[in-house]
Amino acid sequence: MSFSVTSELKNGIAQFTLVGELDAAAAGTFREAIEQAAASQPKRVVLIMNELTYMASAGLRTLVFAKQKMGASVDIYVVGVQEPVRETLEMTGFQYSVVMLDTYNAAEIENI
Amino acid sequence: MDRVDIYPTHEYQGYKFRPGKPFPFGATSVPGGVNFSIYSSHAADCTLVLFDKGQPQPKVEIRFPDAFRIGNVWSMIVFDLDYENTEYGYRVDGPFSPEEGHRFDPSKILLDPYARAIGGRDVWAVQPNWNDAYQHRGRLVYDDFDWDEDHPLETPMEDLVIYEAHVRSFTRHPSSGVKFPGTFAGIREKIGYLKELGINCLELMPIYEFDEWENGKVHPDTGEQLFNYWGYSTLGFFAPKAGYAAMGKLGMQVDEFKALVKELHRNGIEVFLDVVFNHTAEGNEQGPYISFKGIDNKTYYMLTPEGYYFNFSGTGNTLNCNNPVVRNMVLDCLRYWASEYHIDGFRFDLASILGRAPSGAPLSNPPLLESLAFDPILAKCKLIAEAWDAGGLYQVGSFPAYGRWAEWNGKYRDGVRKFLKGEAGMVGDMAQRLTGSPDMYSTRGPTASINFVTAHDGFTLNDLVSYNDKHNEANGEGNRDGGNDNESWNCGWEGPTDDPGINALRRRQLKNALALLLVSQGVPMILMGDEVARTQYGNNNAYNHDSELTWFDWGLVEANADLGRFASKLIAFRHAHHVLRNRWHLSGQDLTGSGYPDISWHGTTAGQPDWSGSSRTLAFMLSGKNARGGATQDDFIYVAMNTHWDSHWFGPPQLPEGMRWHVFANTGVASPEDAWTPGQEPRLEDQSGLTVGERSVVIMVGR
């Protein structure tokens, strides 16, 4: 299954919706989207993953890249991960670097 | 400005490439491609073989043009490879003349000795495709793990409490309750248990990629599939075992193992690897071509003048560790694990082989051991030798140490075992073992001594007190394998029993062993599960079982909670008291003018140790005023040991004015009064002494 990413920047929140399989071939696309968003210095990154079915090592690295590119002060929210992707994030310890949520409610997060 | 050497100069069958960089060896990510570099001292020709992951046939074979070789190194950058879907190997051509040591065969596809991940056994014990001509395949890895602030912990050697475990055995049992049993990820779920126990160093039995199917066979009587379970047979020295990773099926074992190391470090636990540089999985002249044999046989292996394999390892071949080329590979390997995986220390299996010359003769000044001791990247790593080999070299106490190397102290194991089972005439030996074996390590300090009563090789602690003889029938070798010099004692019945008296004695002996181990100077090592009486049913060499025989039954944590509690209290006691963790040998003198020697020896009467050949009682006192040479203050500690079958009254020495004796542990009384939380010990009722029960140990603290 091919990969697609859509992004929007609203109120300083960069939100990406990831669909399909994030493997080595797709990682470049996502990386470019991250770089573009980083240029506008968002205060938060939200990754909607409800429809992401697979994440390979290269995909994981793009998340690490996002974290490093945005800087330590920018929180990253990973939302709605499916089980196989969740396992990948957990087994590799990446879940400690992000906030994992089942659903995302911007207003709620704002009050945390 | 872009570099000018990141563009292809050559093309073959649609694959673009250019001359590579000899350094670093192996397959390394570079801008736009992958740099492949391999060396052979005797090869004439080399071809890179590329596969799509799992495919039986190569997708392309690119012969290294002559211009791509510098010295004995062939290197090439191949562009636009699918990093996650590529497997690689080499064909290497040269003379086939075994009598000269050469076994080149270009029909074989060979694994890169520097491969950082190896495919082919991605999921534990899944039947491989035996028809595949290339069984163990080099893979490409990302080495850009996100370590955050992590780095090796550099815990002082004297403060370590080591826990030796097998990755799969630790959590494979259904009772472990982890999400991915038997994996690196499984261990991560049990870090809380390790912390509660109190250990601060996890020593993992081999995790370098090995083939669990090597020498696999079906037990002739039981029909059970037997494996190369322990993994002391390396395929590749740079690759973690995929089958130990829940993510191995996705090729992410590197990330998963690094995540485990990072999390253990976050919890204050160091990670040691048991490394096997004495031989490889290629066996002797009858064994398969996997890697070294076809790449540079004469360099990698110790060969007889006729070209046969020396067998100092007992497994068919012997790695030629003091050949300069192999030496560098070992050094590269350890540097890689220390820097890329943040490994804190290494335990070298059959390390005496590392001190043999290419001819097999022991060297007085082995360059490999010296190189490791003085290497800048390994400078803070702990180096531990199993100081013997299967060729008859036994160097416990005399391993070339260069001020760095510690040893598995086999004499500690044997001495404590004999003493515990009540053998007479052991008190003199015990005085050495309890104080870090100064008779063996006079200039090296007590931290040269890794103290252990049990290890993976031999009985578990429970079995040490439950069996007189080994029971290895399940191994399929007619009970001939495994050691016979166990110094074990079954306490009156061979194996499990309902006899409450025998069971009580066994429980006391388990606690006695833990108590002695944790009050000894040196570095204690506990075998996985011994803290809750794990059994292997008398099997003292369970190297080929992937079954309940080897798995840690977590039901024991509850069933034997009293023993687990005792162990964790003992470990906490050790951590609480500097006097138990000296960096330098005790002198028996009062070098600080405190009025007390740093250690004093006693018998049932203070100041009168019984060193006679019939003695089974011994006591010692450590002066808190002399902790670490007087550099710090601690409580006084008094340990009374009675391995006699009768109880004895022990009178401890006089404490400084105002201090009183408190009983920290007494293996002769029932839980929970067998051990107390350090600092909360009850005061000894009669300060003049106490009765130490038959076969019991008492530990008191003076404050």
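Some notes on this structure:
- Selection of segment B:29-66 for residues being crowded, with 20+ Cβ neighbours inside 10 Å and farther than 18 Å from B:LYS108 by Cα yields B:GLY33, B:VAL34, B:ASN35, B:PHE36, B:SER37.
- Test result for A:GLU108, free of Cβ contacts under 8 Å to residues at least 12 places away in the same chain and assigned to a strand (DSSP E or B): no
- Residues (in contact (Cβ under 8 Å) with a residue 60 or more places away in the chain and either in a loop (DSSP other than H, G, I, E, B) or surrounded by fewer than 20 Cβ atoms within 10 Å (Cβ to Cβ) (or both)) located in segment B:575-600: B:HIS575, B:ALA576, B:HIS577, B:ARG581, B:ASN582, B:ARG583, B:TRP584, B:HIS585, B:LEU586, B:GLY595, B:TYR596
- Any chance B:PRO609 is assigned to a loop (DSSP other than H, G, I, E, B) and in contact with a strand residue (DSSP E or B) (Cβ under 8 Å, 6 or more places away or on another chain): yes
- Filtered residues of segment B:488-508 (kept if surrounded by 18 or more Cβ atoms within 10 Å (Cβ to Cβ) and assigned to a loop (DSSP other than H, G, I, E, B)): B:SER488, B:TRP489, B:ASN490, B:CYS491
- Residues located in segment B:509-532, provided they are part of a helix (DSSP H, G or I) and over 16 Å from B:ALA559 (Cα atoms): B:GLN509, B:ASN512, B:ALA513, B:LEU514, B:ALA515, B:LEU516, B:LEU517, B:LEU518, B:VAL519
- Qualifying positions in segment B:373-392 - out of contact with any strand residue (DSSP E or B) (no Cβ under 6 Å at 6 or more places or on another chain) and of a type in the set (A, V, I, L, M, F, W, C): B:ALA373, B:PHE374, B:ILE377, B:LEU378, B:ALA379, B:ALA390
- Which listed residue, of B:ALA379, B:ALA338, B:ALA424, B:ALA373, is at pLDDT 90 or above and crowded, with 17+ Cβ neighbours inside 10 Å: B:ALA338
- When residues of segment A:53-85 are limited to those that are in contact (Cβ under 8 Å) with a residue 12 or more places away in the chain and charged (D, E, K, R), the one farthest from A:ALA25 (Cα to Cα): A:ASP75
- B:ASN365 falls short of the stated requirement of being not in a loop (DSSP other than H, G, I, E, B), not hydroxyl-bearing (Ser, Thr, Tyr) and not assigned by TED's automatic domain parsing to the domain that holds B:ARG91.
- Boolean, B:ALA357 is assigned by TED's automatic domain parsing to the domain that holds B:VAL261, touching a residue at least 24 places away in the same chain (Cβ under 8 Å), among the aliphatic types (A, V, I, L, M) and closer than 30 Å to B:ASP463 by Cβ: no
- Test result for B:ASP93, acidic (Asp, Glu) and either in contact with a strand residue (DSSP E or B) (Cβ under 9 Å, 6 or more places away or on another chain) or closer than 26 Å to B:GLU11 by Cβ (or both): yes
- Answer residue from segment B:253-267, given it is at the interface with chain A (Cβ under 10 Å from one of its Cβ atoms) and among the aliphatic types (A, V, I, L, M) and is nearest to B:ARG139 (Cα to Cα) among those: B:VAL254
- If you go through segment A:88-112 and pick out every residue that is at pLDDT 90 or above and touching a Lys or Arg at 6+ places or on another chain (Cβ under 9 Å), you end up with 1.
- Meets criteria (within 14 Å of chain B (Cβ to nearest Cβ) and within 12 Å of the chain's Cα centre (by Cα)) for A:LEU89: yes
- Residues (polar (S, T, N, Q) and either surrounded by 17 or more Cβ atoms within 10 Å (Cβ to Cβ) or closer than 15 Å to B:TRP147 by Cα (or both)) located in segment A:54-108: A:SER57, A:THR62, A:GLN68, A:THR88, A:THR92, A:GLN95, A:SER97
- Looking only at residues of segment B:230-251 that are among the hydroxyl-bearing types (Ser, Thr, Tyr) and more than 14 Å from chain A (Cβ to nearest Cβ), we find that the one that is nearest to B:TYR300 (Cα to Cα) is B:THR234.
The values are calculated or read from the model by the stated rules, or taken from the named source; none is laboratory data. Since we're looking at a predicted model, the values are computed, not measured. A quick note on method: Cβ atoms are made from the backbone with ideal geometry, for glycine too, and the neighbour counts reach across all protein chains shown.
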